[in-house]
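Here's the structure, in structure tokens; my notes come after.
Throughout, read-outs are computed from the coordinates displayed, never taken from laboratory work. Model, not experiment: these values are computed from the prediction. When we count neighbours, we look across all protein chains shown, and the Cβ atoms used for this are built from the backbone with ideal geometry, even at glycine.
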Amino acid sequence: MKHKRGFNPLQRMSSHRKALHRNMVTSLFRKERVKTTKAKALAVRRTAEKMITRAKEDTVHNRRIVSARLYDEGIVAKLFTDIAPRMKSRNGGYTRIIKLGERKGDAAEVVILELVDYKLDTGEDKKKSKKSEDKSKGGKGK
């Protein structure tokens, strides 16, 4: 029997699957939050967590290994200088999956894959700053 062995090929050829992982992980590190299907999120999560673990120790060797998988040098730099230091105290579990429900067209389970320390912009900060700006000008808000 083939229980819990291997990985999910996502019904793609190996080159397509590698490109999918590369693109999804790049988007995750760029935006820190990605909306996708559950199967893809579970597969990409595995790749992303391995890269974050590598990036926690900033060496030339680790940078080269991560750079071989991510082609965007800006994202590699962000991973090593911004994301990995935030995860320094964690021993794993750098990502979270939030279920959203089923997609209308094909009933695929849709989820949000995000980094654990992601802060959602609620818009309250913008309202507060606008009010304080109006008070400093001496005029009333619109």
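The table below gives the values:
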item	result
Qualifying helices (runs of 4 or more DSSP H) (wholly inside segment 7-69; at least 3 residues being in contact (Cβ under 8 Å) with a residue 60 or more places away in the chain and in contact with a strand residue (DSSP E or B) (Cβ under 9 Å, 6 or more places away or on another chain))	38-55
Residue in segment 90-111 that is surrounded by 18 or more Cβ atoms within 10 Å (Cβ to Cβ) and among the small types (Gly, Ala, Ser) present	no
Subset of segment 43-76 (residues that are over 16 Å from ASN23 (Cβ atoms) and within 15 Å of the chain's Cα centre (by Cα))	GLU49, LYS50, ILE52, THR53, ALA55
Residue in segment 68-77 that is surrounded by 13 or more Cβ atoms within 10 Å (Cβ to Cβ), farther than 18 Å from ASN8 by Cβ, among the aromatic types (Phe, Trp, Tyr) and out of contact with any His (no Cβ under 9 Å at 6 or more places or on another chain) present	no
